[in-house]
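The values are calculated or read from the model by the stated rules, or taken from the named source; none is laboratory data. What you are looking at is a predicted structure, and each value in this text was computed from that prediction instead of being measured. Here the Cβ positions follow ideal geometry from the backbone for every residue, glycine too, while neighbour counts run over all protein chains shown. Note: accessible area is taken over every heavy atom of the protein model, side chains too, but ligands, DNA and RNA are not part of it. Shrake-Rupley method; radii C 1.70, N 1.55, O 1.52, S 1.80 Å.
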Amino acid sequence: MSRSNAAGISLASMWVGFTAFVVAALLGVYQVIERIDLIPGLKSPELYFGSVSTHGVLMAFVLTTFLVMGYGYYTATTSLDQALWNKPLAWFGFWLAVIGVLLAAGPLLTGNASVLYTFYPPLQAHPAFYLGATLLVVGSWVWCLQMVMMMTTWKKANPGETVPLAMYGTTANAILWFITSLGVAAEVLFQLLPWSLGIIETVDVGLARTLFSWTLHAIVYFWLFPAYIALYTLLPRAAGGRLFSDQMGRLAFILLLVFSVPIGFHHLYMDPFQAAGWKFLHMMGTFMVAVPTLITGFTIIASLEIAGKLRGGKGLFGWIGALPWGNPMVLAAILALLMLTFGGFGGMINASYAMNTMVHNTQWVTGHFHLIFGGTTVIMYFAIAYYLWPKMTGRALYSTRMALHQLWLWFIGMLILTLPWHQLGLAGQPRRISSTPYDESFVQAWLPAESAMIVGGAILFISALMLVYNLFRTHGNAQAEASLEVEYAEPLHAIQRMPHLMNSFGFWVLLVIVYMVASYGYPIAQFFLMDTYGTVPWSI
Amino acid sequence: MFGDPLKSICEDPLERKWIWISLFLAFFMAGMLGFYALAGNIHPPSNVETIDSSRLHLSEEFAEDKLGVTTNADGSLTVTLVAARYGFYPPVIEVPADTPVTFRIASADVLHGVHVPFTNMTTMIVPGYISEVRTSFPRTGEFSLLCNEYCGLGHDSMWSRLVVVPKSAGGASS
């Protein structure tokens, strides 16, 4: 197998992502301390909401987008054994996204974009913030195009052959991201940007929120996809076994592509302006999107069981102890699955139409997505980095021991941070507050859980520093990496004949379009059919 | 006998069994929630009604002297509220326990939310639209109406009072 020509752009992308990550983790520590009025001199809503907005943008838009692009480029070139489709264009997309981030950083860091990463019109940010976000998204579309073109050209060159699972998943994610980013793109291009430039006077907040919901759910699957791709295609081999089923991976990727976009209204359950019937329809779809995750849980655990038994593990649970816990990929995967289980239970409550009432916009929700995203997803980003850094740099990982400690700390810190948050939510604490000037009875009851979250935040920050230190030192490691080849997992049953539908996307994209028209067509059209009143801009 | 329709995409019988279990779980949960929503008519607040948020003071319903608690002919209550940075108006609401209450709320400026912890009274308040929540309060006491959506730098301080009095006391005076 020839050496990938994507190592440069992959490393550059992932470094941008992890740099954003460390800055955001530091802001997180400040936020948990400020939020509970621990140090009176620190109290400042200006700083706090600026920090929360920056933390959200860096974690949810910058870390994720750059990591997905970097991992995607490397996966495409190595799994297909094919050069980048258009390398100059890939770098163009990268720089476009970097310029977007820098452009948005100005207003964010000066408190002129404290509108949180979900934008929240009619609060208005500086136009450079919206423009920066747009460039980041357009830069990522270049990546989408590359992935689709690489799969297409590979299929032309290899007629009748099955697209490797890693590439099939990466392309599914590229298509998913393109479709789901159209919602926020429409909101920014037709509403927020012209409004912030004074070209239009008002925005319809109901329409803006509906468009954002189009993006808001599937974006989390855009973030999660790399984690699932690593679980299916890197983990089984790293654990010393085989993938239980290649087809189930494909099925999971297809189901995520089809079901994750047209269900965004579970973010709008509590909003007026959309009728209950539409919310009901979206709730049904929301439960269907649990199916690919349940399938993934089974397939990955079954793959680990194969590995454990091949390594001599006996009995119903003996294989768990026989797994190579000292391998960062294996350890991260186990911890990721544990956090996915906790987070999944909470997610069922958020998704259910009526029960969501008790937790909507409380700290419970913050706990939920920090577990699933900050926990499951990001810990797999670490595992991907530890696995790929030696392949991309040619240098052995600086310290595997430090990597293992870092992963454990991340897991422990995340549980200490998020489990109390669930409890705070049930005890009535709103999310997105910078202080607690409420009834004494509330504030007293919240104190123990709030103290715990400071410990959690500090542990997570130490863990974040260990990650970047280890990756940084790997570049200068004198010891060369023994094998530069990315070793993709072999399926237990060799692929005999792959059904056409599981080796292509045309039909599924058509299905998403039909489903989208059904679930978003009228809810968007209604804003043009009824008399609505736009809202003028408000400063924070 | 019918063959397993999943057989064409999955060879392993164990895996197929698991897919059926996954599908059952998803349909079961969605079915339960769907059944209770439809049978009990339990839906989240989903009123579709527009209003010009910049002219609330000129509107029939949300002008300053119209706000507060009114008793309807059937004994139920309507609570008309305006959410504006940084408070709910009127700032104190008193209602009797175990009485159907319909909240009608409009924003005078930006996005807000309202949540009364330990009750099921909650909704988003979106400028340009009227939010409506129907509920009743079984427990008496002093509750807090918290703004639960970021609305600007003073957001933390945006909360007001809901007092639920015993039904015999009459209530409905605010």
Item to check | Which listed residue is farther than 26 Å from A:ALA354 by Cβ and open to solvent by less than 30 Å² (accessible area, probe 1.4 Å), from B:VAL110, B:VAL114 | outcome: B:VAL110
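Going by the conditions given, is A:PRO499 under 27 Å from A:ILE179 (Cβ atoms), open to solvent by less than 50 Å² (accessible area, probe 1.4 Å) and at the interface with chain B (Cβ under 10 Å from one of its Cβ atoms)? Write out each step before concluding.
Numbers: under 27 Å from A:ILE179 (Cβ atoms): yes; open to solvent by less than 50 Å² (accessible area, probe 1.4 Å): yes; at the interface with chain B (Cβ under 10 Å from one of its Cβ atoms): yes.
Considered against the rule, which asks whether it is under 27 Å from A:ILE179 (Cβ atoms), open to solvent by less than 50 Å² (accessible area, probe 1.4 Å) and at the interface with chain B (Cβ under 10 Å from one of its Cβ atoms), A:PRO499 comes out as yes.
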Checklist entry - Among (1) touching an Asp or Glu at 6+ places or on another chain (Cβ under 9 Å); (2) free of Cβ contacts under 8 Å to residues at least 40 places away in the same chain; (3) surrounded by fewer than 21 Cβ atoms within 10 Å (Cβ to Cβ); (4) facing chain A (nearest Cβ under 9 Å), which single condition is B:GLU132 missing? => result (2)
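Look at A:ALA354 and say whether it is assigned to a loop (DSSP other than H, G, I, E, B), open to solvent by 10 Å² or more (accessible area, probe 1.4 Å) and within 14 Å of another protein chain (Cβ to nearest Cβ). Walk me through it before giving the result.
Numbers: assigned to a loop (DSSP other than H, G, I, E, B): yes; open to solvent by 10 Å² or more (accessible area, probe 1.4 Å): yes; within 14 Å of another protein chain (Cβ to nearest Cβ): yes.
Judged against the criteria, A:ALA354 is a match.
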Checklist entry - Of all residues in the range A:420-468 being touching a residue at least 12 places away in the same chain (Cβ under 8 Å) and aromatic (Phe, Trp, Tyr), which is surrounded by the fewest Cβ atoms within 10 Å (Cβ to Cβ)? => result A:PHE442
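Test A:TYR232 against the criterion of being over 16 Å from A:VAL536 (Cα atoms), within 14 Å of chain B (Cβ to nearest Cβ) and of a type outside the set (A, V, I, L, M), and give yes or no.
It is true that A:TYR232 is over 16 Å from A:VAL536 (Cα atoms), within 14 Å of chain B (Cβ to nearest Cβ) and of a type outside the set (A, V, I, L, M).
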Checklist entry - charged (D, E, K, R), part of a loop (DSSP other than H, G, I, E, B) and either open to solvent by less than 10 Å² (accessible area, probe 1.4 Å) or modelled with pLDDT of 95 or more (or both): does that describe B:GLU149? => result yes
Next on the checklist: For the range A:514-540, which positions are in contact (Cβ under 8 Å) with a residue 24 or more places away in the chain, open to solvent by 50 Å² or more (accessible area, probe 1.4 Å) and more than 13 Å from every other protein chain (Cβ to nearest Cβ)?
Outcome noted: A:TYR515, A:ALA518
Next on the checklist: All but one of (1) touching a residue at least 60 places away in the same chain (Cβ under 8 Å); (2) under 27 Å from A:LEU38 (Cα atoms) hold for A:ALA396; state the number of the condition that does not hold.
Outcome noted: (2)
Checklist outcome for this item: Residues of the range A:322-347 being loosely packed, with under 15 Cβ neighbours inside 10 Å and either at pLDDT below 95 or among the β-branched types (Val, Ile, Thr) (or both), in sequence order, are A:THR341, A:PHE345
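Restricted to the range B:49-60, and to residues that are of a type in the set (S, T, N, Q) and within 9 Å of chain A (Cβ to nearest Cβ), which residue is least open to solvent (accessible area, probe 1.4 Å)?
Let us first name the residues in the range B:49-60 that are of a type in the set (S, T, N, Q), namely B:50, B:53-54, B:59.
Filter again for within 9 Å of chain A (Cβ to nearest Cβ), leaving B:50, B:53-54.
Numbers: B:THR50: 40, B:SER53: 12, B:SER54: 83 Å².
For the range B:49-60, the residue satisfying everything is B:SER53.
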Next on the checklist: Regarding the range B:117-128, can at least one residue be identified that is open to solvent by 10 Å² or more (accessible area, probe 1.4 Å), more than 7 Å from every other protein chain (Cβ to nearest Cβ) and out of contact with any Cys (no Cβ under 7 Å at 6 or more places or on another chain)?
Outcome noted: yes
Item to check | Subset of the range A:476-489 [over 26 Å from the mean Cα position of the chain (by Cα) and either open to solvent by 40 Å² or more (accessible area, probe 1.4 Å) or among the aromatic types (Phe, Trp, Tyr) (or both)] | outcome: A:GLY476, A:ALA478, A:GLN479, A:ALA480, A:GLU481, A:ALA482, A:SER483, A:LEU484, A:GLU485
Checklist entry - If a residue has to be part of a helix (DSSP H, G or I) and either more than 8 Å from chain B (Cβ to nearest Cβ) or of a type outside the set (A, V, I, L, M, F, W, C) (or both) to count, how many in the range A:279-312 make the cut? => result 20
Checklist entry - Identify, please: which residue in the range B:133-146 is assigned to a strand (DSSP E or B) and in contact with a Leu (Cβ under 9 Å, 6 or more places away or on another chain) and is, among those, farthest from B:PHE103 (Cα to Cα)? => result B:GLU142
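Looking at A:GLY425, A:GLY413, A:GLY457, can you tell me which residue is within 14 Å of chain B (Cβ to nearest Cβ) and assigned to a helix (DSSP H, G or I)?
Details: A:GLY413 fails: within 14 Å of chain B (Cβ to nearest Cβ); A:GLY457 fails: within 14 Å of chain B (Cβ to nearest Cβ).
Just one listed residue meets the conditions, A:GLY425.
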Checklist entry - For the range A:267-277, how many residues meet the condition of being part of a helix (DSSP H, G or I) and within 8 Å of chain B (Cβ to nearest Cβ)? => result 1
Next on the checklist: Suppose the filter is open to solvent by 20 Å² or more (accessible area, probe 1.4 Å), farther than 24 Å from A:ARG431 by Cβ and touching a Ser or Thr at 6+ places or on another chain (Cβ under 6 Å); does A:LEU310 pass it?
Outcome noted: no
Checklist entry - In the range B:31-48, how many residues are more than 7 Å from every other protein chain (Cβ to nearest Cβ) and either in a loop (DSSP other than H, G, I, E, B) or over 21 Å from A:THR286 (Cα atoms) (or both)? => result 2
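Just checking: which of the strands (runs of 3 or more DSSP E) contained wholly in the range B:61-105 hold 3 or more residues that are open to solvent by less than 80 Å² (accessible area, probe 1.4 Å) and in contact with a Gly (Cβ under 6 Å, 6 or more places away or on another chain)? Spell out how you get there, then give the answer.
Details: elements: B:68-71, B:77-84, B:87-89, B:92-96.
Here the list reads B:92-96.
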Item to check | Residues of the range A:377-420 satisfying the condition of being charged (D, E, K, R) and under 20 Å from the mean Cα position of the chain (by Cα) | outcome: none
Next on the checklist: Out of everything in the range A:1-45 that is modelled with pLDDT under 90 and of a type in the set (A, V, I, L, M), what residue ends up being surrounded by the most Cβ atoms within 10 Å (Cβ to Cβ)?
Outcome noted: A:ILE36
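Looking at this structure, is A:ALA276 of a type outside the set (S, T, N, Q), open to solvent by 10 Å² or more (accessible area, probe 1.4 Å) and more than 26 Å from A:ASN361 (Cα to Cα)? Break it down stepwise before answering.
Details: of a type outside the set (S, T, N, Q): yes; open to solvent by 10 Å² or more (accessible area, probe 1.4 Å): yes; more than 26 Å from A:ASN361 (Cα to Cα): no.
No: the conditions fail for A:ALA276.
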Checklist entry - Can you tell me which residues in the range A:50-94 are under 27 Å from A:GLY28 (Cα atoms), surrounded by fewer than 20 Cβ atoms within 10 Å (Cβ to Cβ) and among the hydrophobic types (A, V, I, L, M, F, W, C)? => result A:ALA60
